[in-house]
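*Asks:* Before we start, here is the structure in question, set down as structure tokens.
The values are calculated or read from the model by the stated rules, or taken from the named source; none is laboratory data. What you see is a predicted model, and the numbers here were worked out from it, not measured in a lab. Ideal geometry is used to build each Cβ from the backbone, glycine not excepted, and the neighbour counts take in all protein chains shown.
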Amino acid sequence: MWMRTQLQDYVLHYNNIALYCDSQSAIAISCNPVQHSCTKHIHTRYHFIKEQVENGLIELYFVRTEYQLAGMFTKALPKDRFKYLVRRIGMRYLTPAKLEALAKESA
């Protein structure tokens, strides 16, 4: 939402923001306009995403946990999974030896 506001300052408009979630329950709660008894205990301030979905500003999509790109920022992952997610966001995984070689190359 913050980035959307910043882009609007530059006259770049995005109608919908894609939000990828690995919890089907959270998606169901956010996309269902009916208030169920199991969610009535949730304070209204925590329904921000639900309101944005209802307003058409956010679209929720399910992604399996092992493909959730945000996972690399929130938990410790096995090395292979971390390398995979780093490549998926367009970054390169550099070992200390590669970093040293690049530093010597640029000097």
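*Asks:* Which one of these does Ala97 not meet: (1) aliphatic (A, V, I, L, M); (2) under 24 Å from Ile17 (Cβ atoms); (3) modelled with pLDDT of 90 or more; (4) exposed (fewer than 10 other Cβ atoms within 10 Å of the Cβ)?
*Replies:* Checking Ala97 against (1) aliphatic (A, V, I, L, M); (2) under 24 Å from Ile17 (Cβ atoms); (3) modelled with pLDDT of 90 or more; (4) exposed (fewer than 10 other Cβ atoms within 10 Å of the Cβ), the one that fails is (2).
*Asks:* Turning to a different aspect of this structure: Considering only residues that are part of a loop (DSSP other than H, G, I, E, B) and among the small types (Gly, Ala, Ser), look in segment 77-107 and name the one that is farthest from Tyr67 (Cα to Cα). It would help to see each step written out before you state the result.
*Replies:* Filtering segment 77-107 for residues part of a loop (DSSP other than H, G, I, E, B) gives 77-78, 89-95, 107.
In the following step, the residues that additionally are among the small types (Gly, Ala, Ser) were identified as 90, 107.
Values: Gly90: 14, Ala107: 38 Å.
Result: Ala107.
*Asks:* Looking at Tyr61, is it over 16 Å from the mean Cα position of the chain (by Cα) and among the aromatic types (Phe, Trp, Tyr)?
*Replies:* Numbers: over 16 Å from the mean Cα position of the chain (by Cα): no; among the aromatic types (Phe, Trp, Tyr): yes.
No.
One line per residue, one yes/no per condition, for (1) modelled with pLDDT of 75 or more; (2) polar (S, T, N, Q); (3) over 22 Å from Arg88 (Cβ atoms):
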position: Leu19; (1), (2), (3): yes, no, no
position: Ser23; (1), (2), (3): yes, yes, no
position: Ile27; (1), (2), (3): yes, no, no
position: Pro33; (1), (2), (3): no, no, yes
position: Lys50; (1), (2), (3): yes, no, yes
position: Ile58; (1), (2), (3): yes, no, no
position: Phe62; (1), (2), (3): yes, no, no
